[in-house]
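Written out below as structure tokens is the structure these notes cover.
The values are calculated or read from the model by the stated rules, or taken from the named source; none is laboratory data. All values derive from a computational prediction rather than experimental measurement. As a convention, Cβ positions derive from the backbone with ideal geometry for all residues, glycine included, and neighbour counts pool all protein chains shown.
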Amino acid sequence: MELPELDLKDVANLENFSGVVPLFPLSSVVFFPNTLLPLHIFEPRYKEMVNTAINNEKIIGMALLKPGWETDYYKNPEVYDVIGMGRIVSSEVFEDGKINIVLYGLKRAKIIEIVKNLPYRQALVHIMDNEYDTNNETFRSKIEELIYKWNLYLDDEQKSHRININTKLPLENLTDALASLIFPNVFDKQRLLEETNVQRRSEIIINDLQTRLEMISITSQKRSEIINKRNLN
């Protein structure tokens, strides 16, 4: 789904937020603040949800389904209680009623209670703000160094695996963007969504990048050893 040009002026204004969001649960999506999420809406109850949201606060809560959701999907399977809250910044309704939307990530939020169950859930939520406890630049410098080393290791054949990101973003935005970008496992992403401390998010990302570099270094060394052995024979 190609992203349209977006007008993000005042998108993050939550001054009159009601505190209640409709929930859109998915098994493969964890949604972070200050990221964009394109969605294709086709299920009747969620088409109703989106149409209602468009005419109100334009806010939707993206919730990750807990394991075992397959047996209860068309009812209301359990979701993790920390969600990504986003605002609809683009929408396109098709003749058959299906809808393309783009969400802009606003805040982490914790579900306090479900206030409506059918045909889709609405939840009273508490917004979770970022927490800080040390020098951001120390963490940013380390992340920048590791990304540079990672990209340097990858040749043109592997360039699709390079991490292309603006490392000068505010650290809270940088960690959320990296969490969304480099972690393929949704449960690792959920762990990072639930972590409000920016420095602890940074540490998790740094550990992941260091592990990747160690693995690619070992793989590269073994490949060289095999090539050298072949040449000797």
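Just a few scattered comments:
- Candidate set from the stretch 47-73 (those that are more than 12 Å from Ile99 (Cα to Cα) and of a type in the set (Lys, Arg)); member that is surrounded by the most Cβ atoms within 10 Å (Cβ to Cβ): Lys58
- The number of residues in the stretch 22-46 that are assigned to a loop (DSSP other than H, G, I, E, B), more than 12 Å from the chain's Cα centre (by Cα) and surrounded by 17 or more Cβ atoms within 10 Å (Cβ to Cβ) comes to 0.
- Pair list, Cβ under 8 Å, 6 or more apart: the stretch 2-30 residue of a type in the set (Asp, Glu), other residue surrounded by 15 or more Cβ atoms within 10 Å (Cβ to Cβ) and modelled with pLDDT of 95 or more: Asp7/Val89
- Residues of the stretch 44-62 satisfying the condition of being within 22 Å of Gln190 (Cβ to Cβ) and without any contact (Cβ under 8 Å) to a residue 60 or more places away in the chain: Ile59, Ile60, Met62
- Search result, residues across the stretch 77-106 that are closer than 19 Å to Ser180 by Cα and among the hydroxyl-bearing types (Ser, Thr, Tyr): Tyr80, Tyr104
- Within the stretch 160-171, residues that are surrounded by 10 or more Cβ atoms within 10 Å (Cβ to Cβ) and at pLDDT 95 or above reach no partner that is β-branched (Val, Ile, Thr) and part of a loop (DSSP other than H, G, I, E, B) with beta carbons closer than 6 Å at six or more positions or on different chains.
- Taken together, Val82, Val89, Val29 contain a single residue that is in the same structural domain as Leu124 (by TED's automatic domain parsing), touching a helix residue (DSSP H, G or I) at 6+ places or on another chain (Cβ under 6 Å) and among the aliphatic types (A, V, I, L, M), which is Val82.
- Residue in the stretch 86-101 that is closer than 21 Å to Pro33 by Cβ, outside any strand (DSSP E or B) and of a type in the set (Lys, Arg) present: no
- Residue pairs whose Cβ atoms lie under 6 Å apart, separated by 6 or more positions or on different chains, with the first residue in the stretch 74-101 and aliphatic (A, V, I, L, M) and the second surrounded by 13 or more Cβ atoms within 10 Å (Cβ to Cβ) and in a loop (DSSP other than H, G, I, E, B), are Ile88/Lys58; Val89/Val11.
- Among the residues of the stretch 117-132, those identified as assigned to a strand (DSSP E or B) and within 24 Å of His40 (Cβ to Cβ) are Gln122, Ala123.
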